[in-house]
Amino acid sequence: MRFRLLLCLLFAVMLAGCSEDKKSFEQLKEEGIAAYLTGDYLKARELLQQAKKSKGTDRDILYYLGRSYARDYIYDSALLVLKQADYLHPSDPEINQAILDAAHTSRAWGEAKDALKNLERLGEAPSDYLQRYNMYYGQIGNWPQTWFYRKKLLDADPENPLRYLELAAVQLQMDSLNQAIATLEQAIDQLGELPQLMTNLGLYYGYADEDQKAEKLFRSLVAENPGNPIHLLNLANVLTVQDDLPKKREGLDIYKRIRTQVPPEIPIDSLIQVVEQELEQG
């Protein structure tokens, strides 16, 4: 009889303990989320971490814990927890948006791209998703995908010169210099002789060893704005690489004239020295 009573008491204690654990988890979860919503992110993490020990798969625990890390700029931990939440609770737009926010802010481009793809699949992509893909794939260095999205951006906004410049730049990265030149020539045909388009086309002509075309463009830019040191620098550069002594001398004169006007990172003194040596050698 005494033994049976002891067993009943032990069983009652166990039941009370289970009930207390469950209550403790719910209380920790509720208070942790409340702390997050009031902006006390450290307290939120402390409470939610305790709750996570009891039930590490709970969706809200993982979501708010990840968010609370991100709010305090602890992005590695935020992404770790939020990606765990995404694994356990796939196809959740709110979780993927949280991953996108943390990854974008912390420049974790691969994770940002993956979260954006999930949001697009779920029909929840942000309105600027094409520009985001452009950024993420460009930062990753995936040039074919960057080209794909830059072409989409250009098709959607054909009056924006930036779209042509971006597309030409990625074509250059893909060793398609002729296509890059064609893109900028098309831009000028459609939008007119805008300085930024003309300057980049002149540089691309230079890359393609079409120095006379580049010279013509840079001379027209200098004629429009004779005091612009960058236009003058570009003209001098293309003049001094040609096997033409008068043009080399003209380029050297320009270098000397703009010597104090160009940005400090441009080694203009070295350029002057090289051209002077070439002229001495005839």
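The values are calculated or read from the model by the stated rules, or taken from the named source; none is laboratory data. Computed from a predicted model, the values in this text were never measured in an experiment. Methodologically, a virtual Cβ is constructed for each residue, glycine included, from the backbone with ideal geometry; neighbour enumeration extends over all protein chains shown. What goes into the accessible areas is simple: the full protein's heavy atoms, side chains included, and nothing from ligands, DNA or RNA. Shrake-Rupley method; radii C 1.70, N 1.55, O 1.52, S 1.80 Å.
Per this entry, Y133 is not counted among residues that are within 19 Å of the chain's Cα centre (by Cα) and closer than 28 Å to E31 by Cβ. Restricting attention to the range 221-236 and to residues that are touching a helix residue (DSSP H, G or I) at 6+ places or on another chain (Cβ under 7 Å) and open to solvent by less than 50 Å² (accessible area, probe 1.4 Å), the residue that is farthest from L194 (Cα to Cα) turns out to be A236.
Residues of the range 101-114 that are more than 12 Å from the chain's Cα centre (by Cα) and closer than 28 Å to Q171 by Cβ: D114 alone. A search for C-beta distances below 6 Å between a residue of the range 148-173 that is closer than 22 Å to G202 by Cβ and any residue that is part of a helix (DSSP H, G or I) and acidic (D, E), counting only pairs 6+ apart in sequence or on different chains, returns R150/E166.
For G138, state whether it is surrounded by 14 or more Cβ atoms within 10 Å (Cβ to Cβ), on the phi < 0 side of the Ramachandran plot and touching a Ser or Thr at 6+ places or on another chain (Cβ under 6 Å). Taking the combined requirement at face value, the residue satisfies it. A count restricted to the range 237-246 and to residues that are among the aliphatic types (A, V, I, L, M) and open to solvent by 20 Å² or more (accessible area, probe 1.4 Å) stands at 2.
Answer yes or no: is there a residue in the range 184-197 that is under 30 Å from K248 (Cα atoms), under 24 Å from the mean Cα position of the chain (by Cα), assigned to a helix (DSSP H, G or I) and without any contact (Cβ under 8 Å) to a residue 24 or more places away in the chain.
yes
Going by what's in this entry, would D189 be described as in contact with a helix residue (DSSP H, G or I) (Cβ under 6 Å, 6 or more places away or on another chain) and acidic (D, E)? Here the answer is no, as D189 does not meet what is asked. Counting only helices (runs of 4 or more DSSP H) wholly contained in the range 1-77, the ones carrying 1 or more residues that are at pLDDT below 95 and touching a Ser or Thr at 6+ places or on another chain (Cβ under 6 Å) occupy 2-37.
Answer yes or no as to whether T105 is β-branched (V, I, T) and surrounded by 20 or more Cβ atoms within 10 Å (Cβ to Cβ). When the stated conditions are applied, T105 does not pass them. Quick one: is R249 open to solvent by 70 Å² or more (accessible area, probe 1.4 Å), among the basic types (K, R) and in a helix (DSSP H, G or I)? Yes.
Taking the range 33-81 as the range and being open to solvent by less than 50 Å² (accessible area, probe 1.4 Å) and on the phi > 0 side of the Ramachandran plot as the test, only G39 passes.
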